[in-house]
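The values are calculated or read from the model by the stated rules, or taken from the named source; none is laboratory data. The model shown is predicted, which means the values in this text are computed figures rather than measured ones. Quick reminder, even Gly has a Cβ in these numbers, built from the backbone with ideal geometry, and neighbours come from all protein chains shown. To get the accessible areas, we keep the full protein, side chains included, count just its heavy atoms, and leave off ligands, DNA and RNA. Shrake-Rupley method; radii C 1.70, N 1.55, O 1.52, S 1.80 Å.
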Amino acid sequence: MQVSVETTSGLERQVTITVPAARIDQDVNKQVQQQARSRRLDGFRPGKVPTSVIKRMFGKSIRSDVLSQVVQETFYQAVDQEKLMPAGTPDIQFNKDVEGEDLQYVATFEVYPEIALADFSGAEIEKLSADITDADLDEMINTLRKQQGDWEAVERAAADGDRLNIDFEGFIDGEAFDGGKAEAMDLVLGSGSMIPGFETGLVGVSSGDEAELNVTFPEDYHAENLKGKATVFKVKVNSVSAQKLPELNEEFFARFGIEETSVDGFRSEVKKNMARELKHALKTKLKDQVFSQLTELNQIDIPAALIDREIDVLRRQAVQQFGGPDAKIDPNMLPKDMFTDQAKRRVSVGLLMQELIKVNKIEPSDDKVRATVEEMAETYQDPQEVIDYYYGNQEILNQIKGLVLEEQVVEHLLETAKVIEKQVSYEEAIKPAQRGETAE
């Protein structure tokens, strides 16, 4: 077997492989003989079909199968010989495929980039910390009460937080437009679900009122034909409702799976959940910063095949998130551009992490794996049952080991970076980062 390698551009390689005709012929003859012994054909006794008949009737098919197997075997022998690391499925093109002559084909594929990790000591990382105040706890409990609240019709002027039931129609230059009309729609004032000026314009209306709202669609509005357009909405108010919040009692506590019977006990459980959320949010923001600095310091070429593979993952995740596991949506319908930047970042972080793990010989700590499993199990009624289940399921345990390994990489990088401690409010700490992307 002869092998030659050409770098065509960046990470792309073209490998030309020549396989001696003798190998092809040998494998073909072997298959012909096997089929002569096993095939049943009319006019011939079992096992007595002449090889010439097999060749005449099935020769092309047998050769095709043999070539497929030979290409697979010789390709991996060639990349191993040349110490290449393919980053995707190769494109195979035959240069010469003639019976009785040497087989020659070209495999085109991308390879993984060679990475020389940059010094991370110049990175500046802002490590946030936050406390949960009584005001934060009160606000959270009030939010939980609002989620479970009932609406009651009131005969008074509407205020922020009230829910209106309205009919409306929008007009631009005196003409109604598509999508600008609704009937019996519920709208909570102050929710920000309508364009600026719409909700504030309805503060003070009462049931039965009619109003005209002069508003302007934002310049970045999703519908191209409405961007920046001055609009008049004619609104009829069908009803005004105020929210009645539930009492803090056992019935209310039970809705959240909390068995506490006292307000203090309920507050304690809510605070524990807030603390878990806070810990996760702070950890995620720290990790996001570290990986952002890592990718900025290490600008690497990324194989297109890996980006496409990650886009497919993100598409499937999006379908599951918004449509559920039974959603009958083809993920490929989602535009590729929606996920390209996130996919590039995730692949880049993944490649850099692999290099860091290899260079620094980082392995997941058994103690940290155990601690992570126990922390996850805390939220269940029978933590030990969950722990036993995780340790009895290798696939899930490997996922947790992956998370722990990722955290250990972050810890390793923080040891060399300049870390700046910053105290922030609980609200700021749990607010999603603008980037909205992590390596997870």
Original post:
Of 237, 319, which residue is touching a helix residue (DSSP H, G or I) at 6+ places or on another chain (Cβ under 9 Å), under 30 Å from residue 195 (Cα atoms) and either of a type in the set (Asp, Glu) or not in a helix (DSSP H, G or I) (or both)?
Top reply: 237
Original post:
Any idea which residue in segment 59-81 is nearest to residue 23 (Cα to Cα), counting only those that are touching a residue at least 24 places away in the same chain (Cβ under 8 Å) and open to solvent by 40 Å² or more (accessible area, probe 1.4 Å)?
Top reply: 69
**OP:** Kindly check whether there is at least one residue in segment 150-173 that is under 31 Å from the mean Cα position of the chain (by Cα), of a type outside the set (Asp, Glu) and at negative phi.
**Re:** no
**OP:** Assess whether residue 366 counts as being open to solvent by 100 Å² or more (accessible area, probe 1.4 Å) and more than 25 Å from residue 109 (Cα to Cα).
**Re:** yes
Original post:
Which residue out of 177, 168 is open to solvent by less than 30 Å² (accessible area, probe 1.4 Å) and over 25 Å from residue 431 (Cα atoms)?
Top reply: 168
**OP:** Assess whether residue 354 counts as being closer than 26 Å to residue 114 by Cβ, open to solvent by less than 30 Å² (accessible area, probe 1.4 Å) and free of Cβ contacts under 8 Å to residues at least 60 places away in the same chain.
**Re:** no
Original post:
Could we say that residue 79 is within 24 Å of residue 8 (Cβ to Cβ), among the aliphatic types (A, V, I, L, M) and in contact with a Leu (Cβ under 9 Å, 6 or more places away or on another chain) here?
Top reply: no
Subject >> residue 292 being crowded, with 17+ Cβ neighbours inside 10 Å, within 23 Å of residue 10 (Cβ to Cβ), of a type in the set (Gly, Ala, Ser) and out of contact with any strand residue (DSSP E or B) (no Cβ under 8 Å at 6 or more places or on another chain) >> reply: no
Original post:
Got at least one residue in segment 261-281 being modelled with pLDDT of 95 or more, open to solvent by less than 80 Å² (accessible area, probe 1.4 Å), within 21 Å of the chain's Cα centre (by Cα) and not aromatic (Phe, Trp, Tyr)?
Top reply: yes
Original post:
What are the residues in segment 395-424 that are surrounded by 14 or more Cβ atoms within 10 Å (Cβ to Cβ) and touching a residue at least 60 places away in the same chain (Cβ under 8 Å), if any?
Top reply: 406, 407, 410, 413, 414, 417, 419, 424
Original post:
From the list 52, 4, which residue is open to solvent by 20 Å² or more (accessible area, probe 1.4 Å) and either more than 19 Å from residue 99 (Cα to Cα) or at pLDDT 85 or above (or both)?
Top reply: 4
Original post:
Does segment 307-315 contain any residue that is open to solvent by 80 Å² or more (accessible area, probe 1.4 Å), among the basic types (Lys, Arg) and out of contact with any Ser or Thr (no Cβ under 8 Å at 6 or more places or on another chain)?
Top reply: yes
Subject >> Residue in segment 140-156 that is in a loop (DSSP other than H, G, I, E, B), free of Cβ contacts under 8 Å to residues at least 60 places away in the same chain, among the hydroxyl-bearing types (Ser, Thr, Tyr) and surrounded by fewer than 16 Cβ atoms within 10 Å (Cβ to Cβ) present >> reply: no
**OP:** Those residues that are touching a Lys or Arg at 6+ places or on another chain (Cβ under 7 Å) and over 18 Å from residue 185 (Cα atoms), I need them from segment 144-165; list them, please.
**Re:** 148, 149
**OP:** Please determine, by comparing only the residues of segment 240-251 that are touching a Phe, Trp or Tyr at 6+ places or on another chain (Cβ under 8 Å) and outside any strand (DSSP E or B), which one is most open to solvent (accessible area, probe 1.4 Å).
**Re:** 248
Subject >> residue 294 vs. criteria farther than 30 Å from residue 115 by Cα, in contact with a helix residue (DSSP H, G or I) (Cβ under 6 Å, 6 or more places away or on another chain) and in contact (Cβ under 8 Å) with a residue 12 or more places away in the chain >> reply: no
Original post:
Out of the residues in segment 98-120 that are touching a Lys or Arg at 6+ places or on another chain (Cβ under 9 Å) and assigned to a loop (DSSP other than H, G, I, E, B), which is surrounded by the most Cβ atoms within 10 Å (Cβ to Cβ)?
Top reply: 102
Original post:
So how many residues does segment 190-237 have that are surrounded by fewer than 18 Cβ atoms within 10 Å (Cβ to Cβ) and without any contact (Cβ under 8 Å) to a residue 12 or more places away in the chain?
Top reply: 9
Subject >> So residue 339, is it open to solvent by 100 Å² or more (accessible area, probe 1.4 Å) and among the aromatic types (Phe, Trp, Tyr) >> reply: no
